[in-house]
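Notes for the one structure printed next.
The values are calculated or read from the model by the stated rules, or taken from the named source; none is laboratory data. Bear in mind the structure is a predicted one, so any value in this text is a computation, not a measurement. Because the Cβ atoms are built from the backbone with ideal geometry, glycine has one as well, and the counts that use them run over all protein chains shown. Areas reflect the complete protein model, heavy atoms only, side chains present, ligands, DNA and RNA absent. Shrake-Rupley method; radii C 1.70, N 1.55, O 1.52, S 1.80 Å.
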Amino acid sequence: MVIDLDRCTGCGACVIACAVENNVPPAHEGTTPRTGLTWMRVVRVDDGRSFPDTRSVFVPLMCQQCDHHTPCVSVCPQNAVEYDEETGIVTQVPVRCLGCRYCMTACPYHARYFNWWDPEWPAGMEQTLNPDVSTRMRGVAEKCNFCHGRLQAARAKAAAGSRPLAPDDYQPACVEACPTEAIVFGDLNDPRSTVSAAASSPDTFRLLEHLGTGPKVRYRSRSAAVRESLTRNSVSSEKEQVHG
Amino acid sequence: MDSSLIPRGLQRTSFPRFLAWVLPWVALLGVGLFAVYLCLAYGLNQTNMDNRFAFGAWIYLDLTVIALGAGAFFTGFLLYILRRKELAAVINSAVVIGFICYSGAVAVLMVDVGQPLRAWFTFWHPNVHSMLTEVTFCITCYLTVLAIEYVPLILKNRKLRKNASMLLFEFQLHKLMVVFAGIGTFLSFFHQGSLGGLYGVLVGRPFAFRPAFGIWPSTFFLFILSAAAAGPSFILLTSWLVSKIARKPLVAPDVYRTLGRISGSILLVYVLLKAVDTLVWINRTAPGLGFQASSFYRYGDFGSWILFAEIVLLGLLPALMLLSSRVAQHTGWLVTAAAMACSGIVLNRFVMTIQTLALPTLPFDAFLSYVPSWQEVATFLAVIAYGVLVYSFSFRYLNLFPQERELRSA
Amino acid sequence: MKSIRWFVAGFVVMMLFGWVIFPAILYTHEEQPLQFSHKVHSGETVGLPCQDCHRLSADGRFEGVPAIAKCAECHAEAIGSTADERLLVEEYVKKGREIPWLVYARGPQNASFPHASHLIGAGLACERCHGSQGTAESLPAFRRNRISGESQAIWGTSIAGFKMAEWDGMKMDDCARCHRERGVANTCLKCHK
């Protein structure tokens, strides 16, 4: 997945699409930005200058789908997090999760969320739930799986047509919802895919590349200042204005 | 009133005074149990933890009590395996403290996980690569061992030993104690280490990440050493505290000195290795991950003084004090040094848990703060109340300090 | 000798409890809303293939138990004079109501089972998982596990979990075994949703 930050307007359509697709319940009373279930969120990063000189960039942030040695897979005591060798997707399985939150401690991208409350839908809203994604219960962790419900449906459809799964068969909900087409999704291993072309452009970068987690979500921006501000070490830069 | 239960030849305070001592702790335990009920019934929204601060006061408590409870395994190891006979004076007390610490930690873990009823998943579907799996297996097994070690103490109670089969059972168990001490030592080495490994493997947390020797990060070995160092110090500290509260000598001064020497020498080794580890981390590991180590200490009150306090003030200093023969002459100084050694380990566990989580990693992250909710604090305090209660009852009705009788007649 | 007798007695009692009484308590015994003979429909009398009613749509979704409209194609008026036939026509077909079938093979909601991948992709026969259901003369009682709420077909009829037949029991382990044998990925989210 490649996200073009120059195209992102911060509208939040991807966040909504993600929540609807994945049966994320409405926030419980008392939820804070730090206790909500936001598999996908858009972070606004300012350059620290005051108005009117300030420059902001919107960063859509979800599970970065790290490569083989993900920080979260190895730490889970009961194999509730897996690395899918076939797709390269890091999958979270809430039905296996015990709720120890070790994976959340391990994730440098803070892309994992805990069900602090029992999920509740207003009466009638449960009719709108997506049947391809199971709802979760209180006390388990969850995160972006690149819309696994859509992947499963696409696989079934391909099987019904007696053909292998094609790259265009499925797109995550956020990709589909983005009005500026800022997110490109596809097979990074296929050198002819659009996403590979986007990923090989010199203005792409990954978050916290130094950690060696090898995220499969790439970001791109033509602005060197944006690239610089998102790749430098947080801890060495101070007084950054952050709005979640 | 309960004099028939009190071990023969020992003097214990009157029952009403004992009751007056116990009741406030019972009240504290009651409040804590109510908080536990709230957390179990309504979920972890009762805590102030969140997605970013996913580990909080409870995990810190677990790490701390397990480190301090290490006295049980280490004293057992020294007494039964290395045959340091003089430690027989504190082994019973050490076992009780170990049992309290471990059972308290497991109880809090059961509240801390989101779905306690799924606790068996770790045993049924274990991920062998996870440090937490190792911790879970070893702690539960070791708690069983501790319970087995605790049983003979109870069976030796005046009333119970009247039953011949109990006495026989106690005797048989006692013969096996070497085996259990061995198993306990083995298990403890692993889970003390794994608790350290818990943070050392977190490549996403450059503040905590350490390079691995084989499959274990350096924190694995540092935690074993620091727990082995803190254990005897904590035994020293508690024995002294109990004798102050009970207003009678319980162990001979030379036992204090032995404990101090053992604790001091291991602490010295630990501090030296910790210093080396820190230097490697500052110069190699952290820059390798793209971070200046100094930058970790620029936030809030978490300045580099913490590092100084951990390694020098509450590490090197108490180690040298514990090893000094002049300090050893004064129980007061010895106890102070032991308290400092324990505080150093407690601080280390705090830094590993809380500071690791508070520090930002992403370029646009902020430094986080977290204050535990009253439910978390009450649960925390309930473990302490539980410990005091178990210990108080054990002290009153069981013979925790074999030397007490002779010290009294002397 | 006496102690052996006690042991045997205890053993028998516990075995009886575990193997006979416990399963009897564990599972409910619910009758289907009306009787239906797969044998009549799929056998020589009518001769329909399974897929005629249990359709797999082009987008890969399995339609499962057919809607009442499918029954109405033939049963607009009663064929024969059994009580169940009358019930079907009077209560369901004419009123346009769906029959509240109790589905034996319905799995837990946290997993999906794409029929397309298994029937077309893997070329499995219906019988591989459903046994002789498609040729059975009548519908047995539906038995629901009182604890999990799932059909007995998931765990299987043997309380110990030993399979009596290939299709007896469709637990996760059973799915995983077949996946393993066929070299299909066994990752959690292959099926869990």
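Give the interface area between chains B and A as buried accessible surface, both sides summed, probe 1.4 Å, in Å² to the nearest 100.
Summing both sides, the interface buries roughly 4900 Å².
Could you state how much accessible area residue B:265 has, in square angstrom rounded to the nearest 10, with a 1.4 Å probe and all protein chains kept in place?
50
What relative contact order, as a whole-number percentage, does segment A:2-243 give when Cα pairs under 8 Å and 6 or more residues apart are counted?
Details: 393 pairs, mean separation 65.2, N = 242.
RCO, segment A:2-243: 27 percent.
I need the phi-derived Karplus couplings for segment C:134-150: 6.51 cos²θ - 1.76 cosθ + 1.60, θ = phi - 60°, integer Hz, Gly and Pro marked x.
x, 10, 6, 6, 9, 9, x, 5, 8, 10, 10, 5, 5, 7, 8, x, 8
Carbon-plus-sulfur fraction of the accessible area of the protein assembly as shown, 1.4 Å probe, in percent? Walk me through the numbers on the way to the answer.
On the way: 24830 of 39220 Å².
Of all accessible area on the protein assembly as shown, carbon and sulfur atoms account for 63 percent.
If the only charges are +1 at each Lys and Arg Cβ and -1 at each Asp and Glu Cβ, what is the size of the charge dipole of segment A:69-159 around the Cα centre, to the nearest 20 debye? If you can, show how the numbers build up before the last one.
On the way: 9 positive and 9 negative charges, 17 e Å.
Charge dipole, segment A:69-159, about its Cα centre: 80 debye, nearest 20.
Normalise the Cα radius of gyration of segment A:99-188 by 2.2 N^0.38 Å (N = residues in it) and let me know the number. Could the numbers behind the result be given before it?
Working: Rg = 16.2 Å, N = 90, 2.2 N^0.38 = 12.2 Å.
Its radius of gyration relative to the 2.2 N^0.38 Å reference: 1.33.
Which order do C:163, C:95 take by accessible area at a 1.4 Å probe, largest first? Display every interim value, and only then the final one.
Working: C:163 65, C:95 120 Å².
I get C:95, C:163, largest accessible area first.
From largest accessible area down, sort B:18, B:186, B:302, C:113; use a 1.4 Å probe on the protein chains.
On the way: B:18 15, B:186 125, B:302 40, C:113 95 Å².
So the residues, ranked largest to smallest area, are B:186, C:113, B:302, B:18.
Return the subset of B:85/B:159; C:95/C:171; A:157/C:94 for which the Cα-Cα distance in this structure is over 32 Å, preserving the input order.
Values: B:85/B:159 28 Å; C:95/C:171 38 Å; A:157/C:94 35 Å.
Check vs 32 Å cut-off fails for C:95/C:171; A:157/C:94.
For segment C:100-177, what class follows from the C-alpha gyration tensor (a ≥ b ≥ c being the square roots of its eigenvalues): rounded when a/c is under 1.5, otherwise prolate if a/b is larger than b/c, else oblate?
Details: a/c = 1.37, a/b = 1.21, b/c = 1.14.
Taking the square roots of the gyration eigenvalues as a ≥ b ≥ c, segment C:100-177 is rounded.
With θ taken as phi - 60° and the coefficients 6.51, -1.76 and 1.60, list the Karplus ³J(HN,Hα) couplings across segment A:60-71 in order, rounded to whole Hz; mark glycine and proline as x.
x, 10, 9, 3, 7, 6, 4, 7, 1, 8, 6, x
Amide H of residue A:42: which non-local residues (sequence gap of 5 or more, or other chain) have their own amide H closer than 5 Å, using H built in the peptide plane?
It is A:61, by chain and number.
Mind checking the alpha-carbon convex hull of chain B and giving the volume per residue in Å³?
152
Just the accessible area per residue of segment A:2-243, please: how many Å² with a 1.4 Å probe? Don't skip to the end; give the middle numbers.
Numbers: 10360 Å² over 242 residues.
Dividing the accessible area of segment A:2-243 by its residue count gives 43 Å².
With +1 assigned to the C-beta of every Lys and Arg and -1 to the C-beta of every Asp and Glu, and no other charges, what is the dipole magnitude of segment A:1-98 about the Cα centre in debye, to the nearest 20? Please list the in-between numbers first.
Numbers: 7 positive and 12 negative charges, 82 e Å.
For segment A:1-98, the charge dipole is close to 400 debye.
Residues of segment C:148-193 that become at least 30 Å² less accessible with every protein chain present than in their own chain isolated, using 1.4 Å: which are they?
Checking the loss per residue gives C:187, C:188, C:189, C:190, C:192, C:193.
Taking only protein heavy atoms and a 1.4 Å probe, what accessible area per residue, in Å², does chain C have with all protein chains in place? Kindly include the intermediate steps, with their values, before the conclusion.
Values: 12270 Å² over 193 residues.
Heavy-atom SASA per residue in chain C reads 64 Å².
When a/c reaches 1.5 or more, the comparison of a/b and b/c decides; with that in mind, is segment B:30-71 rounded, prolate or oblate per its Cα gyration tensor?
Numbers: a/c = 3.72, a/b = 1.39, b/c = 2.67.
It is oblate, given that a/c is not under 1.5 and a/b is not larger than b/c.
Where in segment A:156-175 does accessible area fall by at least 30 Å² between the isolated chain and the complete protein assembly, at a 1.4 Å probe radius?
Residues meeting the cut-off: A:156, A:157, A:159, A:160.
If you line up the Cα atoms of segment B:171-230 on their principal axes, what length do they span on each, largest first, in Å?
In descending order, the Cα extents are 52, 22, 15 Å.
Please report, in whole Å, how far the alpha carbons of segment B:1-124 spread along each principal axis, starting with the longest.
54, 43, 26
Given H placed on each backbone N at 1.01 Å, which residues far from residue C:37 in sequence or on other chains put an amide H within less than 5 Å of it?
none
Show me, for segment B:5-16, the HN-Hα J-couplings you get by feeding each phi into the Karplus relation (A = 6.51, B = -1.76, C = 1.60, θ = phi - 60°), rounded to Hz, glycine and proline as x.
So the Karplus estimates, Gly and Pro as x, are 9, 6, x, 4, x, 10, 9, 10, 5, 5, 4, x Hz.
For segment B:121-209, what D do you get in µm² per second when you plug the Kirkwood radius from alpha-carbon pairs into Stokes-Einstein at 10 °C and 1.306 mPa s? Present the calculation step by step, with values, prior to reporting the outcome.
On the way: Rh = 15.2 Å.
Translational D for this selection: 104 µm²/s.
Where in segment C:81-120 does the amide nitrogen come within less than 11 Å of the point 7 Å from the Cα of residue C:67, taken along Cα to Cβ?
C:98
Got a number for the accessible area of residue A:96? Probe 1.4 Å, square angstrom, nearest 10.
Roll a 1.4 Å probe over it and residue A:96 shows about 40 Å².
Direction-averaged shadow area of the convex hull around the Cα atoms of the protein assembly as shown, nm²? Please report the intermediate quantities before stating the final value.
Working: hull surface 182.8 nm².
Convex hull of Cα atoms, orientation-averaged projection: 45.7 nm².
Largest first, how would C:91, A:209 line up by accessible area (1.4 Å probe)? Please report the intermediate quantities before stating the final value.
Numbers: C:91 60, A:209 100 Å².
If we order C:91, A:209 from most to least accessible, we get A:209, C:91.
What is chain C by shape, rounded, prolate or oblate, if you read a ≥ b ≥ c off the alpha carbon gyration tensor as root eigenvalues and call it rounded for a/c under 1.5, prolate for a/b larger than b/c, and oblate otherwise? Write down the numbers at each step before the final one.
Working: a/c = 2.41, a/b = 1.40, b/c = 1.72.
Verdict is oblate for chain C.
So what is the accessible area of chain B per residue, in Å², with the probe set to 1.4 Å? All intermediate terms of the calculation are to be shown ahead of the outcome.
Details: 16490 Å² over 410 residues.
Here the per-residue accessible area is 40 Å².
When chain B is modelled as a GNM with alpha-carbon springs shorter than 10 Å, which of B:365, B:50, B:112 fluctuates the most?
The residue with the greatest mean-square fluctuation here is B:365.
If you look at just the Cα atoms of segment B:274-352, how large are its Rg and its Dmax in Å?
In Å, with Rg to one decimal and Dmax whole: 15.2, 50.
Quick one: compute the contact order of segment B:138-214, relative version, from alpha carbon pairs under 8 angstrom and 6+ residues apart, as a percent.
Details: 47 pairs, mean separation 23.6, N = 77.
Over segment B:138-214, the number comes to 31 percent.
Over the Cα atoms, compute the radius of gyration (one decimal) and Dmax (the largest Cα-Cα distance, rounded to a whole number) for segment A:2-243, in Å.
Over segment A:2-243's Cα set, Rg and Dmax evaluate to 18.2, 59 Å.
What percent do you get for the relative contact order of chain B when only Cα pairs under 8 Å and 6+ apart count? Walk me through the numbers before you get to the answer.
Details: 571 pairs, mean separation 118.9, N = 410.
It comes to 29 percent, rounded to a whole number.
Please list, in chain and number order, the residues 5+ apart from residue C:192 or on another chain whose amide H is under 5 Å from its amide H, with Hs placed from the backbone.
C:112
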